[in-house]
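Below is one structure, written out as C-alpha cells, with a few remarks after it.
The values are calculated or read from the model by the stated rules, or taken from the named source; none is laboratory data. Since the model is a prediction, treat every value here as computed from it, not as a measurement. Cβ sites come from the backbone with ideal geometry, for glycine too, and all protein chains shown count toward neighbours. Remember, those area values only see protein heavy atoms, side chains included, never the ligands or the DNA or RNA. Shrake-Rupley method; radii C 1.70, N 1.55, O 1.52, S 1.80 Å.
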Amino acid sequence: MEHPADTEITDLFIIGGGINGCGIARDATGRGLSVALAEMNDLASATSSASTKLFHGGLRYLEYFEFRLVREALIERETLLKAMPHISWPMRFVLPYHKDMRFESDTPTSKLLSLFMPWLKGRRPAWLIRLGLFMYDHLGGRKILPGTATLDLTGATVGAPLQDRFTKAYEYSDCWVEDSRLVVLNARDAEARGARIMTRTQVVSATSEDGIWCVETRNNESGETKAFRARMLVNAGGPWVGDIIQSKVRLNSREGVRLVRGSHIVTRKLYDHDKCYFFQGADGRIIFAIPYETDFTLIGTTDSEHGNPSKKPVCTPDEQDYLLGFVNQYFKQQLTRDDVVWTYSGVRPLYDDGASSATAATRDYTLKVETSAGAPVLNIFGGKITTYRRLAESAMEKIGEHLSLSKGKWTAGVPLPGGNFPVDGGGRLVADLQSRFPFLSDFWARRLVRAYGTEAAVILGDAEQAVDLGRDFGATLTEVEVGWLMTHEYARTAEDVIWRRNKLGLRLPAEQTQALDDWMAQRRHSTPEAAVCGIRRRT
Ligand SMILES: Cc1cc2nc3c(=O)[nH]c(=O)nc-3n(C[C@H](O)[C@H](O)[C@H](O)COP(=O)(O)OP(=O)(O)OC[C@H]3O[C@@H](n4cnc5c(N)ncnc54)[C@H](O)[C@@H]3O)c2cc1C
C-alpha cells in the first residue's frame, strides 16, 4: 500500500458517490478546492437511483408544516430545470378528489383539525386541498411551471382510466428528473473542473494525524488498497452515514439516521396521456402513478423501516400488494402481481428526528461538522434529490469555516453537461438530431436527447447510417454509446448501463444483457487505463 506521507494533501475527501457526494464535489471544485471522491460501487448505485424521480416541493410535507423545505424545493425546481432541460422536464399531476380521503392521524394539520373541526373525523376536506395547492403555487416563486387547475373528470381524457366515482380533480405542476443521470453528470462536471472521481473504491478507514485525515481505500474489483491525505472529510454515505461515523471514522457521535425503505412497481403503460396521478389512500398516505419510459407506468412508493443499510432493499410481496391495492381503488383496470414487470427499492437516509412513523420522519437535511477526531468531518443526514444543489451550498458554508474558498455560490444557472439549451428546446433538439442522423427512429432520437442533450450529436459523431455506430446490443443501444458511457461516464458493467445510465433493462432480454456485459468486460481488459477502477481516460 502507498504510504500516506507519499501522497499529496487533498482539501476535501468525499465518501459516497450519490447525489449529495457528487453535488458537493462539483460545487467544491468550482470554488477552487482540490477534491477526491470515493464511491464503493457504481455512482448512484444506492438511494440516488431508486427515487420517484421528481423535482418536487413535496405537497404532502405541507401537512407536516415543513414550510422551509417545501419553499426551498419549490424554488429549486425551476433553477434545476433550467440547468438540465435534457434530464428534467415539467409534469402535470392530477389529484382526484373524493370526500372520504383521510389524513395520516399524527400530522400537525390533522391534529389541529380534529381539535377545531372534530366533525371531519380525519377526512381531508376539498377546501384544505385547495388551500395546500394555493400555497404550493405561491410559496416558491413559480415562473415557468403552470399553476393549479380544477378539473371536471366526466368525459375528460384524464378521467377515462379512473373509476366513475371520481368526478372532480385538481391538477398541479412538478418536474421529472432522471435521478441516476443527474448524479453522473454532476460527477462528470466535477471531474472536468479538476475533481478525482473514484468508483468501486470503498473507504475502509479514516484516522487523523496532526490535523490531517489519512483515508484508506480498497478497490472492490482489484482488492488494491490506497491511502489518501485530506484536510477535511465529507461523509455523504447516505444509508451508510451512521456506519461510516461508527466503524470507518470511529467518531463518538450520537447523531442518528433513520432508514426508511421505499419501493416502486413498474407495469406496462396503463393509460394514454402524459399526466401523472397523485392518489390519496385511506391510510393517509399518498402514492404516484407516472408515465415511465414511454411504454410503462411507475407506481410508488411505500414507507417501511429498514434495519441494516447493507441489506439490499427489495420490493417485498407485501409492498407490491399494498401498491396494487392502492391503485386498484382508483383505476378501472384492476391490477394483479402478473401486471408487474419490474420493481425497485431504495432506502431513505432520514435524519432521526424522533418522529413516530416512517412517513412522518422529516425529509429535510441536517449537516453536522465534528472536529473531535482532531480534523473536521462533515456528516450529511437526509435530503432530497430536489434539494441536492442547495444542500451542497449549505455544505460549502460549513466547509468554508475550515478551508478557504476562492469564490462564493456559483452553481445556480450553470448547465450540467449537455444541458446548454432552453427549457422548451427539447423538441427542437430531437428534430435537429433526426435531420442530421436520419436513421434515428423517434424513440431513439428522443431517448438520446433525454439522456445526453446537446452531447447526443457529439456521441453519434460522423455516423451516416446505423451500422457506423458499431455493434447493436438491442433496443437502440450501440457500441458507440456504450463506449462513451465507459469512457466518459464511469460505466463498468451492463448493469451500470441498462439500469442507471439508461433504463433499457426494461427492454433487453437476459441473453442480450449478458452479451453486453461480456463485451464490456472484454473492452475493460483490452483498454489498460479503463481497467483500473475509477481511472478513466480524460475527456
Ligand atoms: C423510495 C424513494 C423515493 C424518493 N423520491 C424522491 C423524489 O421523488 N424526489 C426527491 O427529491 N427525493 C426523493 N428521494 C430522496 C432521495 O433519493 C435521497 O435523499 C437521495 O438520493 C440521497 O442521496 P445520498 O447521496 O445522500 O445517498 P446515496 O445515493 O445512497 O449515496 C450514498 C453513497 O455512498 C456510498 N458509500 C457508502 N459507504 C461508503 C464507503 N465506506 N466508501 C465509499 N462509498 C460509500 C454508497 O455506495 C452510496 O452510493 C426518494 C428516496 C427514496 C428511497
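With respect to being open to solvent by 20 Å² or more (accessible area, probe 1.4 Å), away from the ligand (no atom under 13 Å from the Cβ) and within 27 Å of the chain's Cα centre (by Cα), residue 243 falls outside the description. In the range 35-54, the residues that are closer than 25 Å to residue 225 by Cβ reach residues that are among the charged types (D, E, K, R) with C-beta atoms within less than 6 angstrom, at least six apart or across chains, in these pairs: 36/196; 42/496; 44/500. Here residue 231 clears all of (1) within 30 Å of residue 326 (Cβ to Cβ); (2) assigned to a strand (DSSP E or B) except the condition numbered (1).
Give the residue that is farthest from residue 196 (Cα to Cα), with candidates limited to residues of the range 34-49 that are among the aliphatic types (A, V, I, L, M) and open to solvent by less than 10 Å² (accessible area, probe 1.4 Å). Top of the filtered list is 44. Go through the range 427-451 and count every residue that is surrounded by 15 or more Cβ atoms within 10 Å (Cβ to Cβ) and out of contact with any helix residue (DSSP H, G or I) (no Cβ under 6 Å at 6 or more places or on another chain). Going through the range 427-451 one residue at a time, the tally reaches 5. Among the residues that make up the range 353-370, is at least one of them within 17 Å of the chain's Cα centre (by Cα), hydroxyl-bearing (Ser, Thr, Tyr) and farther than 30 Å from residue 447 by Cα? Yes. Residues in the range 500-518 that are buried (at least 21 other Cβ atoms within 10 Å of the Cβ) and in a helix (DSSP H, G or I): 500, 501, 504, 516. If the condition is being over 19 Å from the mean Cα position of the chain (by Cα), surrounded by fewer than 23 Cβ atoms within 10 Å (Cβ to Cβ) and either within 16 Å of the ligand (Cβ to nearest atom) or part of a strand (DSSP E or B) (or both), then the range 254-277 contributes 255, 256, 267, 268.
Inspect the range 76-83 for any residue being more than 13 Å from the ligand (Cβ to nearest atom), within 19 Å of residue 138 (Cβ to Cβ) and in contact with an Asp or Glu (Cβ under 9 Å, 6 or more places away or on another chain) and give the result as yes or no. No, that holds for no residue.
Taking the range 383-452 and the helices (runs of 4 or more DSSP H) fully enclosed by it, the elements with 2 or more residues that are within 16 Å of the ligand (Cβ to nearest atom) are at 388-399. Summed over the range 452-475, the residues that are of a type outside the set (D, E, K, R) and either open to solvent by 30 Å² or more (accessible area, probe 1.4 Å) or modelled with pLDDT under 95 (or both) give a count of 7. Restricting the search to the range 125-149, which residues are touching a helix residue (DSSP H, G or I) at 6+ places or on another chain (Cβ under 8 Å), touching a residue at least 40 places away in the same chain (Cβ under 8 Å) and open to solvent by 20 Å² or more (accessible area, probe 1.4 Å)? Across the range 125-149, the qualifying residues are 135, 139, 141, 142, 143, 144.
Taking strands (runs of 3 or more DSSP E) as the structural unit, those lying wholly within the range 115-204 and holding at least 2 residues that are under 30 Å from residue 499 (Cβ atoms) correspond to 168-177, 196-198.
Let's see how each residue does on (1) open to solvent by 10 Å² or more (accessible area, probe 1.4 Å); (2) in contact with a strand residue (DSSP E or B) (Cβ under 9 Å, 6 or more places away or on another chain):
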residue	(1), (2)
176	no, yes
189	yes, no
195	no, yes
225	yes, yes
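In the range 204-215 there is at least one residue that is more than 16 Å from the ligand (Cβ to nearest atom), over 21 Å from residue 39 (Cα atoms), in contact (Cβ under 8 Å) with a residue 12 or more places away in the chain and of a type in the set (Gly, Ala, Ser). Only residues that are over 29 Å from residue 406 (Cβ atoms), of a type in the set (A, V, I, L, M) and not in a strand (DSSP E or B) were counted across the range 33-72, and they come to 7. Within this structure, residue 67 passes the test of being of a type in the set (Phe, Trp, Tyr) and either open to solvent by 10 Å² or more (accessible area, probe 1.4 Å) or more than 12 Å from the ligand (Cβ to nearest atom) (or both).
If you filter the range 290-319 down to residues that are of a type in the set (D, E, K, R) and open to solvent by 30 Å² or more (accessible area, probe 1.4 Å), you find that the one that is farthest from the ligand (Cβ to nearest atom) is 295. Could you tell me which residue of the range 50-60 is farthest from the ligand (Cβ to nearest atom), considering only residues that are open to solvent by 20 Å² or more (accessible area, probe 1.4 Å) and in contact with a helix residue (DSSP H, G or I) (Cβ under 8 Å, 6 or more places away or on another chain)? Among residues in the range 50-60 that are open to solvent by 20 Å² or more (accessible area, probe 1.4 Å) and in contact with a helix residue (DSSP H, G or I) (Cβ under 8 Å, 6 or more places away or on another chain), the one farthest from the ligand (Cβ to nearest atom) is 59. Could you tell me whether the range 399-413 includes any residue that is in contact with a Phe, Trp or Tyr (Cβ under 8 Å, 6 or more places away or on another chain) and closer than 21 Å to residue 53 by Cβ? The answer is no; no qualifying residue exists. Filter the range 48-73 for residues that are farther than 20 Å from residue 289 by Cα and in contact with a strand residue (DSSP E or B) (Cβ under 9 Å, 6 or more places away or on another chain) and give the result. Result: 69, 73. Taken over the range 20-32, the criterion of being within 9 Å of the ligand (Cβ to nearest atom) and either assigned to a loop (DSSP other than H, G, I, E, B) or open to solvent by 10 Å² or more (accessible area, probe 1.4 Å) (or both) is satisfied by 20 alone.
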